[in-house]
Amino acid sequence: MKETIYITGASSITPLLPQKPSPYTYTAQDIPPCTYTETIRSACKEPDYKAYITDPAARRRMSRVVKMGLTAALQCLSGAGEMPGAIITATGLGCLSDTEKFLRTLIENKEELLNPTPFIQSTFNTVGSQIAISTKNMAYNNTYVHRGVSFESALLDGMMMLAGGEAESVLVGSYEELTATSFDIQSRLGFFRKGGKAGEGAQFFLLSAKEKSPCILRDLAFAFQPTPDELLEKAADFLLKNKVQKADIEMLISGDGGNEEEFTFYDKIEKNFPETQVVKYKHLTGDYQTVSSFALWLGTQIMGKADSPKKILIYNHFRNINHTFILLESRFDK
Amino acid sequence: MRIVVSGVGTVSAIGLNVAESLRALAGKKSGIEPLSLFESGHKGKLPVGEVKADNRMLAEMLAIHPGKTISRTALLGMSAAQEAYGDACLPDRKNEGLRIGFISGTSVGGMDLSEHFYADHLQSPAKGRLRQIISHDCGDSTEKIASRLGINDYITTVSTACSSGANAVIAGARLIKHGFLDCVIAGGTDALCRFTLNGFASLKIVDEYPCRPFDESRQGLNLGEGAGYIVLEKETNRYPQSYGYLLAGANICEAFHQTASSPEGNGALLSMQKALQTGNLQTKQIDYINLHGTGTPNNDMAEGNAIRRLFGATPPYLSSTKAYTGHTLGACGGIEAVFSLLAIKYGLVFPNLNFTTPIAGHGLIPETEYGENRRIKTVMSNSFGFGGNMSTLIFSAI
């Protein structure tokens, strides 16, 4: 992107990692080291939703992921001055527990006497809509639902809106829940046969073209089903387009989560940046379609100090098919 | 930079392609019939807009091996996207080096298969055919369609309930305007399934009779299925033919209620106003509105009130095509974009079937006859969805 886009707010509801009170306080040392010995399933540490969703009736109606997504969004917006000019959400599987609940009663009750609430809340745009309703925001509202590029599609849309002057700030975030059924299915599909684990989480970001912050979201790139060599070419093109040398990338946040079947591409990219410090995180979060939003959150926490890396590259792929790069820059004013 | 539409493709209850759809529209032939597609307590009773081809026939038409498990959402999408892609002559334009994207809207994804899996899975977690669940997510149909067309520069999926298709078009135009892509195939696809049929039935907004959009006696919607895609291009591309410009798109959220529209139509009004503003247009320049017009008491009251507030005593030609196709959910923004472009290209106004009496509140009278040789330069197409996600597209003649 030609325009400079700042990340002025970030929030995360995620399985592990202490929630520090203020942003930009992390260093790479704060990230617990990789251990893949624990359970293969990560569940979020959830906040007390009462503080965010004050209406008890509304809270009761909402499924866990709706509360997680909405709360992460409200946490991100707290302290923000103006209302964002767009709300863009992303999710791979959406509101799974409500989808399952409606399907179950549909089958068990043989299509009779169905409660519509889980159906209503099963739609993929439920969280985006609830954010709009709860903040009374009638602006642009979109939801991207495409596997490993859901979150990056939302980011790209938001960045273009800022670049084109369609909005001065945009709220972009993702949410994913792991249910017992989806975990069963993933296990049966053999996703953890060779390592890795299932996870969930919600991350939201406020992007601004006007208000400055220590973290600049420079650019994104996508690759669909590339060969390892095509991926390296894509990475090289991406750096070139942004006038960045390999050696300028001081930190690589790699999506390698210990799954042997997904290792080839991560290994290729990590080896492509031999001088770069590599940070991994999926041992904390588990893997899910929109997990790269956690990598971005981590990036925002590391940026902005005198000794922060000047440039961070985030690389992730989902099941070897959807590959994405995000380039961050630190802006530090003494 | 202006965005040109160079190709269109659609499949719905009124036709397996654009030519068939046009014939049905002209012949006032609705595709709404009692449910026959799958086993359900509603089978043989509830009227729906089924695409008149089962999965086997669709696979055969697409030359896909019948043994392959592919969701109906993907099959319908392939059919319409392929028609649009071919219509824009993209298979013969490989040497132009275009960066092509595919953006699809869907609200159910591969649910038509997952609901079978889940019924078995409920009996025991070890049960259920895995090949019926791997296409559950919305991205699956998009990737299958894109792979068939050989598109890999950018592929993504939008899901904002019934405005998904329209929002895919808006997102696609933005990607071209910002120079990220040169050409985008955008629209939506959705298949009928037990999940959505029972979902809408549980909300008590499904009519047991053929739907009557904008009629005082309307009782609800008929669900439909299908797909519609349009090819968006940079004006400077060497496209062989054109249907019109995509002048503007507006996406807003009414932020009122998860499923209902405000009766006075605040969201619909804002959506149409914003589209006019973006396109730098006056209300008098709009020649025809392809209404969202689902036939539910709530939508047709809210949308009509918004039209009255915006257009006053002399609104343009109005009609809902949902009494032909049923409400195709995530696909309707795509299908109705195709219809709107056909209206411009051939000077047509499509009839609003099953209308006799205006709604007391706003008294709007939609067109009831097929109109030919009309001066249709600019068309507005509305798509409103659950969650208050409301979108308006405006197309104009070149």
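The numbers here are math on the coordinates, done by the rules we state, and not lab data. Computed from a predicted model, the values in this text were never measured in an experiment. Neighbour counts are summed over all protein chains in view; Cβ atoms, including those assigned to glycine, are modelled from backbone coordinates with ideal geometry.
Net length available on complete extension from B:K45 to B:H257 is 73.2 nm, with 0.36 nm assigned per residue and the Cα-Cα distance removed.
If R0 equals 35 Å, the separation of the Cβ atoms of B:Y209 and A:R104 corresponds to a calculated FRET efficiency of about 0.70. Placing a label point 7 Å from the Cα of B:R238 along the Cα-to-Cβ direction, the residues of segment B:80-113 whose backbone N falls under 15 Å from that point are B:89-99.
Of the residues B:I289, B:L175, B:N198, the one whose Cα sits farthest towards the positive end of the charge dipole of segment B:153-296 is B:L175 (charges of +1 on Lys and Arg Cβ, -1 on Asp and Glu Cβ, taken about the Cα centre).
Taken along its three principal axes, the alpha carbon spread of segment A:218-330 comes to 38, 31, 22 Å, from the longest extent down to the shortest.
Cross-link reach is defined here as a Cα-Cα straight distance under 17 Å, omitting same-chain residues fewer than 8 places apart; for A:K282 the lysines meeting it are A:K45, A:K194, A:K197.
Annotation for segment B:1-63: GluC sites (Glu not before Pro) lying in DSSP loop with at most 12 further Cβ atoms inside 10 Å of their Cβ are B:E39.
Take the Cβ atoms of B:T356 and B:K68, set R0 to 41 Å, and the FRET efficiency comes out at 0.30.
Which residue, A:F265, A:F224, A:F205, tops the fluctuation ranking in a GNM of chain A built on C-alpha contacts under 10 Å? For chain A, modelled as a Gaussian network with Cα springs under 10 Å, the answer is A:F224. Bridgeable aspartates and glutamates around A:K310 (alpha carbons under 17 Å apart, same-chain partners fewer than 8 residues away excluded): A:D219, A:D248, A:E250, A:E275, A:E329, A:D333. Distance between the C-alpha centres of segment B:235-312 and segment B:52-98: 30 Å, rounded to the whole angstrom. Sorted into 10 angstrom bins from 0, the C-alpha pair distances of segment B:1-109 split as 12, 35, 36, 13, 4, 0 percent. Counting only aspartates and glutamates at least 8 places from A:K67 when in the same chain, those with an alpha carbon closer than 14 Å to its own are A:E46, A:D48, A:D55, A:D98, A:E176, A:E177, A:E200. Amide H contacts of B:H292 (H built 1.01 Å from N, in plane; Pro and chain starts excluded): B:N382 sit under 5 Å, all sequence-distant by 5 or more or on other chains. Kindly identify chain A as rounded, prolate or oblate by the Cα gyration tensor criterion: order the square roots of the eigenvalues as a ≥ b ≥ c, call it rounded if a/c is under 1.5, otherwise compare a/b with b/c, prolate if a/b is larger, else oblate. Judged from the Cα gyration tensor, chain A comes out oblate (a/c at least 1.5, b/c at or above a/b).
Computed about its Cα centre, the charge dipole of chain A is approximately 480 debye, with only Lys, Arg, Asp and Glu carrying charge at their Cβ.
When the chain is fully extended, how far beyond the present Cα-Cα distance does A:E233 get from A:E112, taking 0.36 nm per residue of separation?
38.0 nm is the gain from fully extending A:E233 to A:E112.
Computed over neighbours whose Cβ is under 9 Å from that of B:V48, the net charge equals -3, Lys and Arg +1, Asp and Glu -1. Cross-linked pairs A:K50/A:K101; A:K136/A:K243; A:K2/A:K246; B:K94/B:K177; B:K68/B:K204; B:K177/B:K274: Cα-Cα separations exceed 30 Å for A:K136/A:K243; B:K68/B:K204. For B:M61 and A:A80, a Förster radius of 51 Å and the Cβ-Cβ distance give a FRET efficiency of 0.50, rounded to the nearest 0.05.
Length available on full extension from B:A26 to B:D54: 0.36 nm per residue minus the Cα-Cα distance, which gives 7.6 nm. Distance between the pseudo-spin-label points of A:A43 and A:I321 (7 Å out from Cα toward the beta carbon): 2.9 nm. Helical runs (DSSP H, four residues minimum) scored at -39500 (n - 2.57) apiece and divided by the length of chain B put the mean residue ellipticity at 222 nm at -10000 deg cm²/dmol. Using a 7 Å offset from Cα along Cα-Cβ at A:A57, what residues in segment A:131-157 end up with backbone N under 20 Å from the label point? Backbone N within reach: A:131-136.
Highest GNM mean-square fluctuation, chain B, Cα pairs closer than 10 Å: which of B:R308, B:R131, B:R72? Judging by the Gaussian network model, the answer is B:R131.
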